[in-house]
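Worksheet for the structure shown next.
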Amino acid sequence: MSSENIDYRKLQLTGGSTYVISLPKDWIRENELGKGKIVGVEKINNGDLRITASQDGVIKKSICINLTKNEKGKGLNDQLIGAYLSGVDSIDVCASTNISRYIKMQIRQFLRDTRGMEIEIDEDKFMRITSILDPTELRLQVSINRMYILILGLVKDAIDVLNGEDETLLGDIEDRERQIDARRLLLERQVSISLQSPNVEKKLKINKFAAMEHANIARVLERMGDHATNLAILVRDNQKSVNLKPNEYPLYAIPQWSSELKQIIHNTYTKDVNTILSSKRNLIKLMEEIEASESTRWSGKEYAEKLIAEFRISESIRRLCAYGINLAEALVNMVMHSKLEVRNE
């Protein structure tokens, strides 16, 4: 830890048994503290103590998006998502003229693409979107597991359709992709709030490093979800033209990819680093074998349209393996950090 921002102070002994230290005057003033006020003293994972200012009531964070100079609402969705990820409790959208139907449509899309946000006030020139979800109600691992299940389901259904099952299995591809994206956004919002609030961090039972790695894992799973979606769309649109066999690459890789991914996700609980590294090595080998099969495929003399579809399917499966490797690496980082031993020198 860097000592640049640390103010070292001597311990004082009072009453023969109580140790005290003085607190910085600037910090006392900023937090409107004084004699008789209560502060929080919390022991954190690395053995340090954290002192937090006690506040009367509950602090609510809000942000206002003013559309006075942006009546068409350009970039509004990006601003709404940015506010959501920052951990804001309410978002006010205000304008000098009546809020247009197009802007209200963007707000409805934002509500559909996120979790726990609802419209509290809906007036002609003013709308308030409020969070109704306690960030500590849902463990981060729940969202990770949900993303994993959605990805696995998309890939399984795509392969089943390719092997002759009814294509209606892939009738909700876009909806499942939105669910994956929404879970990633929710998890990143929780991480942002936990980094700002020691109380939330404590209730989620996670330290700052692990919180950031969970956000990294969620982003990797989202990218994996993108390729699972691409795979499903390719199968839906080209199932009659491609001729891929279950016992040959790339389809042959799917059961092992699924098995290795299961091992990696399972070890977010057990934290068996050797199992995670074994899965990583297996996925690297699998990815190399898929890549070799792609070179062989291009050497054939088949129709270009069919070859392109088959190659894109193969590429999506190969990238699923690649992101599985990224997932394993993020998890190894988290496991190794949990094993750190702190000692004074």
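Using the structure shown, decide if E201 is surrounded by 20 or more Cβ atoms within 10 Å (Cβ to Cβ), modelled with pLDDT of 90 or more and either part of a loop (DSSP other than H, G, I, E, B) or at negative phi (or both).
On the way: surrounded by 20 or more Cβ atoms within 10 Å (Cβ to Cβ): yes; modelled with pLDDT of 90 or more: no; either part of a loop (DSSP other than H, G, I, E, B) or at negative phi (or both): yes.
Answer is no for this residue.
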- Note on the structure: Of the residues in the stretch 59-73, those that are farther than 25 Å from N199 by Cβ, modelled with pLDDT of 90 or more and not polar (S, T, N, Q) number 3
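Take R178 and tell me if it is crowded, with 18+ Cβ neighbours inside 10 Å, in the same structural domain as D226 (by TED's automatic domain parsing), out of contact with any strand residue (DSSP E or B) (no Cβ under 8 Å at 6 or more places or on another chain) and part of a helix (DSSP H, G or I). Show your work before the answer.
Values: crowded, with 18+ Cβ neighbours inside 10 Å: no; in the same structural domain as D226 (by TED's automatic domain parsing): yes; out of contact with any strand residue (DSSP E or B) (no Cβ under 8 Å at 6 or more places or on another chain): yes; part of a helix (DSSP H, G or I): yes.
So R178 fails the test.
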- Task: Give the stretch 89-118 a look and list any residue that's assigned to a helix (DSSP H, G or I) and either surrounded by 14 or more Cβ atoms within 10 Å (Cβ to Cβ) or of a type in the set (S, T, N, Q) (or both), or say none.
- Result: I103, K104, Q106, I107, Q109, F110, L111, D113
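Out of E288, E302, E315, which single residue is modelled with pLDDT of 90 or more, under 28 Å from S241 (Cα atoms) and exposed (fewer than 15 other Cβ atoms within 10 Å of the Cβ)?
Values: E302 fails: modelled with pLDDT of 90 or more; E315 fails: exposed (fewer than 15 other Cβ atoms within 10 Å of the Cβ).
Of the residues listed, the single one that is modelled with pLDDT of 90 or more, under 28 Å from S241 (Cα atoms) and exposed (fewer than 15 other Cβ atoms within 10 Å of the Cβ) is E288.
This table checks each residue for (1) acidic (D, E); (2) within 30 Å of Q196 (Cβ to Cβ); (3) more than 22 Å from the chain's Cα centre (by Cα).
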{"residue": "T97", "(1), (2), (3)": "no, no, yes"}
{"residue": "I103", "(1), (2), (3)": "no, yes, yes"}
{"residue": "L111", "(1), (2), (3)": "no, yes, no"}
{"residue": "R115", "(1), (2), (3)": "no, yes, no"}
{"residue": "I132", "(1), (2), (3)": "no, yes, no"}
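When you look at E165, is it surrounded by 14 or more Cβ atoms within 10 Å (Cβ to Cβ), part of a loop (DSSP other than H, G, I, E, B) and free of Cβ contacts under 8 Å to residues at least 12 places away in the same chain, yes or no?
Numbers: surrounded by 14 or more Cβ atoms within 10 Å (Cβ to Cβ): yes; part of a loop (DSSP other than H, G, I, E, B): yes; free of Cβ contacts under 8 Å to residues at least 12 places away in the same chain: yes.
Taking the combined requirement at face value, the residue satisfies it.
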- Item | Of the criteria (1) in contact with an Asp or Glu (Cβ under 8 Å, 6 or more places away or on another chain); (2) assigned to a strand (DSSP E or B); (3) hydrophobic (A, V, I, L, M, F, W, C), which one I121 fails | (1)
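Output the residues belonging to the stretch 124-138 that are of a type in the set (A, V, I, L, M, F, W, C) and either in a loop (DSSP other than H, G, I, E, B) or touching a residue at least 60 places away in the same chain (Cβ under 8 Å) (or both). If you could, list the steps in order and put the result at the bottom.
Going through the stretch 124-138, the residues of a type in the set (A, V, I, L, M, F, W, C) turn out to be 126-127, 129, 132-133, 138.
Selection gives I132, L133, L138.
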- Item | Scan of the stretch 232-278 for residues that are assigned to a helix (DSSP H, G or I) and of a type in the set (F, W, Y), ordered by number | Y252, W257, Y269
- Task: Within the stretch 76-88, count every residue that is closer than 18 Å to I132 by Cα and surrounded by 17 or more Cβ atoms within 10 Å (Cβ to Cβ).
- Result: 6
- Query: From the list S131, S143, which one is in contact with a Lys or Arg (Cβ under 7 Å, 6 or more places away or on another chain), more than 18 Å from A232 (Cα to Cα) and buried (at least 20 other Cβ atoms within 10 Å of the Cβ)?
  - Reply: S143
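The values are calculated or read from the model by the stated rules, or taken from the named source; none is laboratory data. It should be emphasised that the depicted structure is a prediction, and the values quoted were computed from it without experimental measurement. Positions of Cβ are generated from backbone atoms using ideal geometry, with glycine treated the same way; all protein chains shown enter the neighbour counts.
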